[in-house]
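Structure first, commentary second.
Read the figures in this text as sums done on the coordinates, not as results from a lab. Quantities reported herein were computed from a predicted structural model and do not represent experimental measurements. Neighbour counts run over all protein chains shown; Cβ positions are idealised from the backbone, glycine included.
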Amino acid sequence: MDAEIKQSVDSQLASKGLTKTDSDTADLYIGYQTAVSQETQWDAFGSRAFGMGTGSWTSSTISVGTLVLDMYDPGTKQLVWTGRATKTIDPGSNHEKNMKNLDKAMAKLMKNYPPKQK
């Protein structure tokens, strides 16, 4: 997964005109963090007739993944930009679908990079 996240980050940064380097003289250092949490999802089902209603609730456990991308100034070692994407993860999905979801989430995360000049 690490390689896939890095590939997606590299692709998005390249689309913004940035070039990857492993040199110590880079303009930005990039780091990321990920987390997966389990959440309970509640679904309500019901019907209504003549103002009276009946219903029921069901619950299921879903996995939610969060990816945080940070950019640092190498000279000052200060954070200069951060982005966050959160998405429901389906561990049962195939690899290709997971990659598409990762790329979509990364594109959404990078939508506001670079920040607009004030």
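Annotations for the structure displayed:
- Note that the chain carries a Kirkwood radius of 17.1 Å, evaluated over its alpha carbons pair by pair.
- Pairs from the list Lys77/Lys100; Lys20/Lys104; Lys87/Lys116 with a Cα-Cα gap above 23 Å: Lys77/Lys100; Lys87/Lys116.
- R0 of 25 Å, Cβ-Cβ distance Lys100-Val36: FRET efficiency to nearest 0.05: 0.85
- Relative contact order (percent, whole number), the chain, Cα cutoff 8 Å, 6+ residue spacing: 23 percent
- Going from the residue with the fewest nearby Cβ atoms within 10 Å to the one with the most, Met99, Met71 rank Met99, Met71.
- C-alpha long axis of helix 95-109 to longest principal axis of the chain, angle in °: 70 degrees
- Backbone N under 20 Å from the Tyr29 label point (7 Å along Cα→Cβ), restricted to the stretch 84-118: 84
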